[in-house]
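Asker: To start, I am sharing the structure in question, which I have written as structure tokens.
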Amino acid sequence: MSLVPNESLPGTRPSRALFANGALMAGVFYVVLYGVYAAYDPGALSLATFTDLMNNAAPLALAAAGQTIVVLTRGFDLSLAGTISIVSVFMAVFPMEDAGGGAASFAACLAIGGAIGAVSGLLVAFRGIQSIAATLGVMIVCQGIALLILNAPGGAVAEWVSYEMTDVVFGFAPASGLVVLAFALAWLLLRKTDLGLSLYAIGADEGAAGLSGVPVARRRFWAYVLAGACYGAAGFMLSAQTATGDPNAGMPFLLLSFASVALGGTSLTGGQGGVVGSLIGACVLMLMQKVLFAAGVSSFYIGASQGALLILAILFGRLVSRAASSGDAK
Amino acid sequence: MTVEATLEAPTDTRRAARFSGEALTAMGLFALSAGMVAASPLISPALGSWSQIYTILLLVSFLLVISFGQGLVILTGGLDLSVGSVMMLGGVLTTTWIGGDSATFWGVMPVVLAFGAGIGALNGIGVAMVGIPPFIMTMGVGIVTASLALGYTGGTTLGAAPPPLLLLMKGDILGAPSVIVFVLLFCLVAWTLQSRTTFGRKVYAIGSSRRAARIAGVPIVSTTILVYATSGLCATLSGAMLVGYSNGATLRMGDPYLLPSIAAVVVGGSSILGGSGNFVNTICGALFLATLESLIAASGLGQGWRTILSGLIIVGALLVQSGWISGVFASVARRVRGAGG
Amino acid sequence: APQKKYKIYLSLSYSGNNWMSETANIIKALAKTPPYDKMVELKEVISGTDPQAQIAAYESMIDAKADGVISFPISPTALNRVVKRGCDRGVKFFMYDSTVTERCAYNVSYISAGFGENTAQELVNSLGGKGKIFMVRGVPGTSVDKRHYEGAMHIFSKYPGIKVVSEYYGYWDDRIAQQETAKALAAHPDVDGIWSELGEAGTLNAVVDRGGKLMPIVGENMNGFRQGFLNEDYKARGLKGVSSGSPPATAGYAFKLMMEILTGKRDLEPVNIEYPLPWARSDEMKPCQGEAIADGCNVFDAKLVPQGFSTVIYDPALLPEINLQSALTGEPVPGMTIQPLPKEIVKAANEPGINCNRCDPPADLYKLTTATATVQP
Amino acid sequence: MDASSERQPMLAISGLSKAYGSTVALEHVSIEIGTGEVHALLGENGAGKSTFVKSLTGVVRPDSGVMTLAGAVYAPRSILEARSRGVVAAFQELSLVPNLSVAQNFFLPRSLKHWGLNSRLRMEEKAAEILRRWGGDIPVRQTIERLTLAQRQQIELIRALERRPDLLILDEPTAALTDPGWLFEAIAERASAGGAILYISHRLAEIRQVAQRATVLRNGRSSGALRLAEASDQDIFLAMVGRSSARSGRPTPSARRSDACRLVVNDLRARNVDGVSFELREGEVLGVAALEGQGQRELFRALAGEEKQTAGQIVVEDRLQSFSCPRDALKAPGGIAFVPEERKTEGIFASLPVASNITLPRLSKLSVAGVISPTRERKAARDAAAKLDLGQRYLPFRIGALSGGNQQKAIIARALMTGAKTLLLFDPSRGIDVGTKETIYAAIRSFADRGGSVLVYSSEIPELISLVDRCLVLYRSRVVASLANAEMEEDTMMALLTGNPASASGEIGAQS
Ligand SMILES: Nc1ncnc2c1ncn2[C@@H]1O[C@H](COP(=O)(O)OP(=O)(O)OP(=O)(O)O)[C@@H](O)[C@H]1O
Ligand SMILES: Nc1ncnc2c1ncn2[C@@H]1O[C@H](COP(=O)(O)OP(=O)(O)OP(=O)(O)O)[C@@H](O)[C@H]1O
Ligand SMILES: [Mg+2]
Ligand SMILES: [Mg+2]
């Protein structure tokens, strides 16, 4: 008794897998862009500049990490904007001093994010409401709550948080360390646990995942909770950076988070990609601003260049991976 | 209490449901909107009148036009994030190229619309021919468009609304407000285009399964480009209408319409993943959102509570759609009946 | 000897509305007006509505060794850290119109001049102390809106006859103000007066569109609004009010002040400076002939500017270098040179959360400066 | 084996009902399966077989009914609960996740761990070992989407078998398998180890080979169990469809078959197609026989414009063609319409009604100035459905909610609707009941009788023999034989298929 012999299939070789990896493509793009930056501004090569860049990217990167988790399950999470806004005003209205207070604030931010995520998760996973619609509703409610807590930008974030989290010690910002740690955790979670694996499975084929024994609704619920916690962390980092609260703080992150996810090679139709890519995607977006500034692009057309670069970055990834795979086929 | 366990099964129970879920959603949203208008005198005695309905219809007209295009794009499984910018461009070009001049209106307005459709087509080309994800392509094109408009105008948009547009938004036709006549006509044409034409059917097919559409010989590239071009056209038209309404353009006039254009489609019950949906649903979704806003505006609550309330009502409407509320009612009713029997 | 070139950066939030681009144009025109044309290297950066983007922009400017940054700050508090860092590196920060609470920056703004309380009093006066009113606010969750609103409410709450029947947000945009006002009118057709932040041209449009009687409206400086006060028909139907609020000219004043400090003509530590509140009542409207601003004219022809154009671009004492063309295009007025500023500056009162942090406001924060109460509560 | 039914039943079900909205899929179904028994479940497409499987595995909750498993009440609420009670299924629509690797799929939903974290390495080793034991050489790191349908089916089956369940449910396990011998052995082994097996298939011969008793589902209702040894094909057929089979023997060559060539393929090369040449005449049904992966898929797809042609010629009605997409093929002289094998992803428009699925190719003819006439469309859909014996009441349904067989009828109706003179049918009867098969074959014959040309591949050789006028045998991406009607014998074919023409008796018109 033996199975039918199998034709050998293309695409098994590692070279293709490597180039098809969106995170890698985004990384290459980042390096190229950084090169351009350095050409305009030699100061770019200093460690301080780099840490600054990482610092600036931290909130967006964390928000994008959360978004990635949801996108992997074939969802869109708009509640991100609301969560960041709430956390931002929370940090400014209820500052807690010292390291202990900082830790407590951080935990509270994660909890707030997780709780909001749980609401979205309930609606999407257990009530079957389309993610974009459900999270739109949640986002609007959160915006309202943020306005209730603080009706104009202001308040002051605990000094410990705003100084310790953004300071540079020996040319290295602890914030970046925290972000790296967060990403390591998220990566482990997505790639090395059953929860993560099932999120990929759900994103690709929810029906098959269910028939394979994956508890689809429950896992999807947790995706939103985790994503919410990431937004909470993003809000925390944002507060540390701006040292103040703003009931509208989350809005600018909405589209940018999707841009980071897409730049990082995660498929917006689910099941493919990862958080590392989104981290790099967020860094690319932040770097773009610097490069355009350094290149002295007329301010009227900075938007045009940003939009064009965004499309080009995606195109670049496509072309390289296509070239790689066609070279592979020979 | 005894349960009738065995019922005589009807011979052929396998019929299509009399109303599809979509139709039920549309009817539900419409009823909800009508109910809200009817109940609005409770909030303020002057409400519930024709003038409120007219205001709602007038204000929803921009959203209806723009979300038709958005709905088509969503139907193909895409998303058009450039509608806000293209709408703004439509407004800016209308005031700068035509301005308060009736004479050039009929000659130049089509050029403006074609320009908007062209930007939409660019989205379509990027998506269908180059394979860039719609999200990124339209976001990028939106940013570029906004920035080019900024550069073109230098930040100040001169010019006023062409008189025919003022007439459209503020005048009467045969005793009826012309904007309402226009919107009704638009909806009829749009619905026909989506549900009753070969083009519309191809759009459904592409959204339902791109691969199956390819094998079935549906011209995917040209249809997709046309869809995005239509979206651009609608956004431009909507921008021109807004110019007629507010007698001028600004560079941010389209921004407030992006999320609602998506919300109208999705709240209407169409799938964000494409392949299903109906323009009637979108109309009901838009009406629902507009009525809700007008009611909440009259509520006298603070902005925080107002925002919370509008979010909660959207979530509530979605829960109704998902059958949760009716399920809860049914189970309560069953329990009550069970207790009675 | 070759003159030192000053590296000046102009940082805006979005350039979406007329107001913002007028301020940018005024600054650009001044930077090209002799003698600054030889002394100033001006670069403009637009950051959008995202404070983080402006933080990044400031960082870049500091790194590029700017001499001065003139900016419309997006948030009164979020930029403090980077501003402080810039100050430490010797960069001069000049904020116009909007403010930051960081002490080392110069704030030049009309905010402390009390737009809210003065216009509110004017409205109360014209209503004879009682009536139903709308309040058209700005962007929710911003400090400027909050300040205006609180000032206005300080007055309204003194008059039990004044009933705020509807309060909504126009997002400082005439289109949105128009739509929101249309909704409010459907619910309250019998409104007696309207208090409006920027966007008042749209507010007026909505009332006019509805037909029937008009009412007193107080608002900001949009040309379309001021035009309304010149319309005989509208006047006959009951439109009156006052045009006040945020003047684009602040930007020019701030720029000239910064240049005087940079060039050593003036010695001034960082301070909050008040720009006088523009004030033109409906019976003081005077159309300008063409583009020239002369004889105290204060309304432009509707064909020359959009309805949302903010008219206060000129001040005979503080900013005589500017005319309509320069505010529209950023080109200097031919033959014009920079005129020195008056020696005196007006210090602004402390406004916690707006121009200072952890400070006490004066007891009479909302005192009337321009309007006087003609009706007693 | 007969003793099986007297032993304590492994599974006993009575009065099981399940409705999807207004569609009643199961109605008072009762069934009993003994330990060590292989019990077949038969029924037309849409009879409710898969729904039954889903009820047994906790995927759907039945509306009413009592189930007992090994004497204990059984009401699974999830597939995991069913699994823990020893009930495992290999599903008809396959439950493999396309973007995960073979190894990862094997251990869903709980991966093998190393230090508490998922270990790719351990899973890959273990999966490779299992596959090796089953004699397969499927690369375990490969993602499922890169495998052929047959490979996927193998994995689905092995995954279920490896769990050594008390009750093993196999829903259409051989639909994509060419040589299911190994499976039958495995089934026998499981049964002799005391497991019960519920076996669902449309292939009667196969059922007789593996099962002892059978239950027939018809419109959601069950017949009593019948002993297969005592029932004739006609009896079973009658129980399934309520009428007797009108099955014809080998077809007579088409009446209108002429010598005019419609399609000439000359030394065609593409990925996995290595110089294939043949002619397809007007009115001819030409078969393609091949084991899995011999290039038949790519051949069909190249002819349909779905696969890039690297060399050679495709000549349609004397004109040289080059296709860059299926649309080109449809627009070729006479038109070439393609019915692909993957119904779910390439066939149906799941969210659209059946009627719209059918009429899509002819819309422009049913419309005036681009506006579709609803009455004309309805009539066209009704006529097309009638040709394939597809119930009228299905026309307004979302096609996604239909059973596989009815979906297939609709897709073939669509292919006919294109008006193309050449049809490329890739395994059109996969997973389809006897009644539907006959309908489809009749439709194919009548299409050919009207002068149409058909190229058809089927994984079932006997079916192919009874359907076609002539048959090509593909082996290793080449045509190794072209058999005329009279030369088609099953053993000859089998020999050719496995690349052993020497052992094939008789002379064969092999092509050079
Ligand atoms: N086929 C394979 N066999 C064995 N190990 C593998 C294989 N593919 C990847 N790995 C290893 O498994 C880990 C996960 O790799 P993978 O490519 O899935 O993650 P990634 O794409 O880097 O993560 P992210 O999704 O966060 O971007 C890596 O350590 C990688 O080296
Ligand atoms: N999720 C669903 N929603 C609505 N109806 C459904 C659903 N699943 C199945 N049905 C309907 O239930 C009936 C039984 O379907 P089922 O899939 O059980 O048939 P089957 O016997 O397995 O057919 P086949 O042999 O084609 O696989 C069919 O009429 C089908 O249309
Ligand atoms: Mg990766
Ligand atoms: Mg089935």
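Asker: Over what distance in Å are the Cα centres of the stretch C:128-167 and the stretch C:309-356 separated?
Answerer: Each part's Cα centre sits 29 Å from the other's.
Asker: Using heavy-atom solvent-accessible surface (probe 1.4 Å) with all chains present, what is the largest-first order of C:Glu321, C:Glu102?
Answerer: Details: C:Glu321 0, C:Glu102 35 Å².
So the residues, ranked largest to smallest area, are C:Glu102, C:Glu321.
Asker: Let me ask you something else. Testing the spin-label approximation: label points 7 Å from Cα along Cα→Cβ at D:Asp318 and C:Thr337. State their distance in nm.
Answerer: Modelled inter-label distance: 9.4 nm.
Asker: Under 20 Å from the 7 Å Cα→Cβ point of C:Asp283, by amide nitrogen: which residues of the stretch C:201-224?
Answerer: Answer for the stretch C:201-224: C:214-219.
Asker: At a temperature of 37 °C and a viscosity of 0.692 mPa s, determine how fast the stretch C:222-298 diffuses translationally according to Stokes-Einstein, using the Kirkwood radius over alpha-carbon pairs as Rh; express D in µm²/s, rounded to the nearest whole number. Numbers along the way, then the final one.
Answerer: Working: Rh = 15.1 Å.
Rounded to a whole number, D works out at 217 µm²/s.
Asker: Just the C-alpha atoms of the stretch C:160-305: what Rg/Rh do they give, with Rh taken as the Kirkwood radius? Working shown, then result.
Answerer: On the way: Rg = 18.2 Å, Rh = 17.0 Å.
In the stretch C:160-305, Rg relative to Rh is 1.07.
Asker: Moving on. How big is the C-alpha Rg of the stretch D:3-241 next to the rule-of-thumb value 2.2 N^0.38 Å, as a ratio?
Answerer: Relative to the rule-of-thumb radius for its length, the stretch D:3-241 sits at 1.02.
Asker: Run the simple label-point estimate for C:Lys43 and B:Ser178 please: 7 Å along Cα→C-beta, distance reported in nm.
Answerer: Spacing of the two 7 Å Cα→Cβ label points: 5.1 nm.
Asker: If every alpha-carbon in the stretch C:66-124 counts as one equal scatterer, what log10 I(q)/I(0) does Debye give at q = 0.23, 0.27 1/Å?
Answerer: Results for the stretch C:66-124 at q = 0.23, 0.27 Å⁻¹ read -0.84, -1.05.
Asker: In nm, what is the difference between 0.36 nm times the number of residues separating B:Trp106 and B:Leu312 and their Cα-Cα distance?
Answerer: Values: separation 206, 0.36 × 206 = 74.16 nm, distance 4.48 nm.
Between B:Trp106 and B:Leu312, full extension yields 69.7 nm more.
Asker: Whole angstrom only: what separates the Cα centroid of the stretch C:5-69 from the Cα centroid of the stretch D:84-158?
Answerer: 61 Å
Asker: Could I ask something else about it? Report the Rg/Rh value for the protein assembly as shown, based on alpha-carbon coordinates and the Kirkwood definition of Rh.
Answerer: We get a ratio of 1.02 for the protein assembly as shown.
Asker: Give, rounded to the nearest 20 debye, the magnitude of the charge dipole that chain B has about its Cα centre when Lys and Arg contribute +1 at Cβ and Asp and Glu contribute -1 at Cβ.
Answerer: Numbers: 15 positive and 9 negative charges, 146 e Å.
Value, rounded to 20: 700 debye.
Asker: Just going by the charge dipole of the protein assembly as shown, with Lys and Arg at +1 and Asp and Glu at -1 on Cβ, which of C:Ile46, A:Gly114, C:Val83 is farthest out on the positive end?
Answerer: Checked the options; the winner is A:Gly114.
Asker: At a Förster radius of 60 Å, what calculated FRET efficiency corresponds to the Cβ-Cβ distance of A:Leu319 and D:Ala72, to the nearest 0.05?
Answerer: Values: r = 61 Å, r/R0 = 1.01.
That pair, A:Leu319 with D:Ala72, gives E of 0.50.
Asker: Rounding to the nearest 10 and keeping the result within 0 to 90°, find how far the Cα-based axis of helix C:51-63 lies from the longest principal axis of chain C.
Answerer: Result, in degrees: 20.
Asker: Considering the options A:Gly273, A:Phe293, A:Gly235, tell which one lies farthest towards the positive end of the dipole of the stretch A:180-330, charges being +1 on Lys and Arg and -1 on Asp and Glu at the Cβ, about the Cα centre.
Answerer: Result: A:Gly273.
Asker: Counting only the backbone N, which residues of the stretch D:170-214 are under 19 Å from the spot 7 Å out from the Cα of D:Arg227 toward its beta-carbon?
Answerer: Once the point is set 7 Å along Cα→Cβ of D:Arg227, D:207-214 turn out to lie under 19 Å by backbone N, inside the stretch D:170-214.
Asker: Semi-axes, largest first, in whole Å: what does sqrt of 5 times each Cα gyration tensor eigenvalue give for chain B?
Answerer: 38, 27, 17
Asker: Tell me which residues come under 5 Å, amide H to amide H, from D:His202 once H is placed; ignore anything under 5 positions away on its chain.
Answerer: none
Asker: Also, quick follow-up: Given the pairs C:Lys65/C:Lys256; A:Lys192/D:Lys308; B:Lys170/C:Lys303; B:Lys170/D:Lys365; A:Lys290/C:Lys347, which span a C-alpha to C-alpha distance of over 31 angstrom in this model?
Answerer: Correct reply: A:Lys192/D:Lys308; B:Lys170/D:Lys365; A:Lys290/C:Lys347.
Asker: A follow-up question, please. Would you be so kind as to identify which of D:Ala290, D:Leu483, D:Ile440 lies farthest towards the positive end of the dipole of the stretch D:261-503, taking Lys and Arg as +1 and Asp and Glu as -1 on Cβ and the Cα centre as origin?
Answerer: D:Ile440
Asker: On to the next question. In 10 Å bins starting at zero, report the fraction of Cα pairs in the stretch C:1-143 per bin as a rounded %.
Answerer: It works out to 10, 36, 29, 15, 7, 2, 0, in whole percents.
Asker: What is chain A's relative contact order, in percent, from Cα pairs under 8 angstrom and six or more apart in sequence?
Answerer: Numbers: 594 pairs, mean separation 118.5, N = 330.
Computed over chain A, the figure is 36 percent.
Asker: For a quick check of your reading of the filter: which trypsin sites (Lys or Arg not before Pro) in the stretch D:280-381 sit in a DSSP loop and have no more than 16 other Cβ atoms within 10 Å?
Answerer: D:Lys308
Asker: What are the trypsin sites (Lys or Arg not before Pro) within the stretch D:74-114 that DSSP puts in a loop, where the Cβ has at most 16 other Cβ atoms within 10 Å?
Answerer: D:Arg77, D:Arg110
Asker: Mind checking the stretch D:30-97 for GluC sites (Glu not before Pro) that DSSP puts in a loop (not H, G, I, E or B) and that have at most 12 other Cβ atoms within 10 Å? Numbers along the way, then the final one.
Answerer: Numbers: sites: D:Glu32, D:Glu37, D:Glu44, D:Glu81, D:Glu93; in loops: D:Glu37, D:Glu44, D:Glu93.
Filter output for the stretch D:30-97: empty list.
Asker: Mind checking the mean number of beta-carbon atoms from other chains within 10 Å of the Cβ atoms in A:146-159? Don't skip to the end; give the middle numbers.
Answerer: On the way: counts 4, 9, 6, 1, 2, 10, 16, 13, 11, 2, 6, 1, 0, 0.
Average neighbour count from other chains, rounded to a whole number: 6.
Asker: Can you tell me which aspartates and glutamates have their Cα less than 17 Å from the Cα of C:Lys4? Leave out same-chain residues fewer than eight positions away.
Answerer: Counting by Cα, and skipping residues close in sequence, C:Lys4 has these aspartates and glutamates nearby: C:Asp37, C:Glu41, C:Asp67, C:Glu260.
Asker: Classify the stretch C:128-214 as rounded, prolate or oblate, taking a ≥ b ≥ c as the square roots of the eigenvalues of its Cα gyration tensor: rounded when a/c is under 1.5, otherwise prolate if a/b is larger than b/c and oblate if not.
Answerer: Values: a/c = 2.17, a/b = 1.07, b/c = 2.04.
It is oblate, given that a/c is not under 1.5 and a/b is not larger than b/c.
Asker: Return the calculated 222 nm mean residue ellipticity for chain D, to the nearest 500 deg cm²/dmol, obtained by summing -39500 (n - 2.57) across DSSP H runs with n ≥ 4 and dividing by the residue count. Mind showing how you got there, number by number?
Answerer: Details: 16 runs with 154 residues, N = 512.
Result for chain D, helices only: -8500 deg cm²/dmol.
Asker: Now for a different question. Would you mind giving the mean number of other chain beta-carbons within 10 Å of the Cβ of each residue in A:69-79, as a whole number? Each step should come with its number before you reach the end.
Answerer: Numbers: counts 0, 0, 1, 0, 0, 1, 1, 4, 0, 3, 0.
Across the residues of A:69-79, the mean count of other-chain Cβ atoms within 10 Å is 1.
Asker: Moving to a separate point now. Averaged across the residues of C:205-214, what count of C-beta atoms belonging to other chains lies within 10 Å of each residue's C-beta? Could you put the intermediate results ahead of the total?
Answerer: Working: counts 5, 3, 0, 1, 7, 2, 0, 0, 0, 0.
Taking the mean over all residues of the peptide, I get 2.
Asker: Scan chain B and note any complete DSSP helix (H) whose C-alpha atoms cover at least 30 Å along its axis and whose Kyte-Doolittle average is 1.6 or more. Working shown, then result.
Answerer: Details: long enough: B:50-75 (34 Å, 1.91); B:102-124 (33 Å, 1.30); B:220-246 (39 Å, 1.36).
Answer set is B:50-75.
Asker: Below 8 Å, C-alpha to C-alpha, sequence gap of six or more: please give me the relative contact order for chain D in percent. Mind dumping the intermediate values first?
Answerer: Values: 1056 pairs, mean separation 75.9, N = 512.
For chain D, the relative contact order is 15 percent.
Asker: Quote the charge dipole size of the protein assembly as shown about the Cα centre in Debye, to the nearest 20; the model charges only the Cβ of Lys and Arg (+1) and of Asp and Glu (-1). List each step's numbers first, then the result.
Answerer: Working: 131 positive and 123 negative charges, 390 e Å.
In total the dipole reaches around 1880 debye.
Asker: Here is a further query. May I ask for the angle, rounded to the nearest 10°, between helix C:174-187 and the longest principal axis of chain C, with both axes built from Cα atoms and the value confined to 0 to 90°?
Answerer: So the helix axis and the longest Cα principal axis differ by about 20 degrees.
Asker: Here is a further query. With runs of 4+ DSSP H residues as the only contributors, calculate the mean residue ellipticity of chain C at 222 nm using -39,500 (n - 2.57) per run, divided by the residue total and rounded to the nearest 500.
Answerer: On the way: 12 runs with 126 residues, N = 377.
Mean residue ellipticity at 222 nm (helix-derived): -10000 deg cm²/dmol.
Asker: Got a number for the accessible area of C:Ile70? Probe 1.4 Å, square angstrom, nearest 10.
Answerer: Spelled out: C:Ile70, probe radius 1.4 Å, area about 0 Å².
Asker: State, as an integer percentage, the relative contact order of chain C based on alpha-carbon contacts under 8 Å between residues 6 or more apart.
Answerer: Numbers: 857 pairs, mean separation 78.6, N = 377.
Relative contact order here is 21 percent.
Asker: Pairing the Cα long axis of helix C:200-210 with the longest principal axis of chain C, what angle in degrees results, from 0 to 90 and rounded to the nearest 10?
Answerer: 30 degrees
Asker: Report, in whole Å, the centroid distance computed from the Cα atoms of the stretch B:177-237 and the stretch D:372-407.
Answerer: Rounded to whole Å, the Cα centres lie 24 Å apart.
Asker: Give, to the nearest whole percent, the P(r) tail of the stretch D:339-437 beyond 19 angstrom, counting all Cα pairs.
Answerer: Working: 1815 of 4851 pairs.
So the portion of pairs separated by more than 19 Å is 37 percent.
Asker: Where in chain A are the DSSP H helices whose C-alpha atoms run 18 Å or more along the long axis and whose mean Kyte hydropathy is at least 1.6? Spell out each step's value before the answer.
Answerer: Values: long enough: A:22-40 (27 Å, 1.57); A:47-72 (34 Å, 1.20); A:79-93 (21 Å, 2.01); A:98-121 (33 Å, 1.20); A:131-149 (26 Å, 2.20); A:174-192 (26 Å, 1.53); A:216-242 (39 Å, 0.57); A:275-295 (30 Å, 2.00); A:302-329 (40 Å, 1.05).
TM-like helix candidates: A:79-93, A:131-149, A:275-295.
Asker: Let me spell out the model: positive unit charges on the Cβ of Lys and Arg, negative unit charges on the Cβ of Asp and Glu, origin at the Cα centre of chain C. What dipole size does that give, in debye rounded to 20? Mind showing how you got there, number by number?
Answerer: On the way: 39 positive and 43 negative charges, 94 e Å.
Result for chain C is approximately 460 debye, rounded to the nearest 20.
The values are calculated or read from the model by the stated rules, or taken from the named source; none is laboratory data. Predicted model only: the values in this text are computed from it and were never measured. Don't worry about glycine lacking a Cβ; one is built from the backbone with ideal geometry, like all the others, and counts go over all protein chains shown. Note: accessible area is taken over every heavy atom of the protein model, side chains too, but ligands, DNA and RNA are not part of it. Shrake-Rupley method; radii C 1.70, N 1.55, O 1.52, S 1.80 Å.
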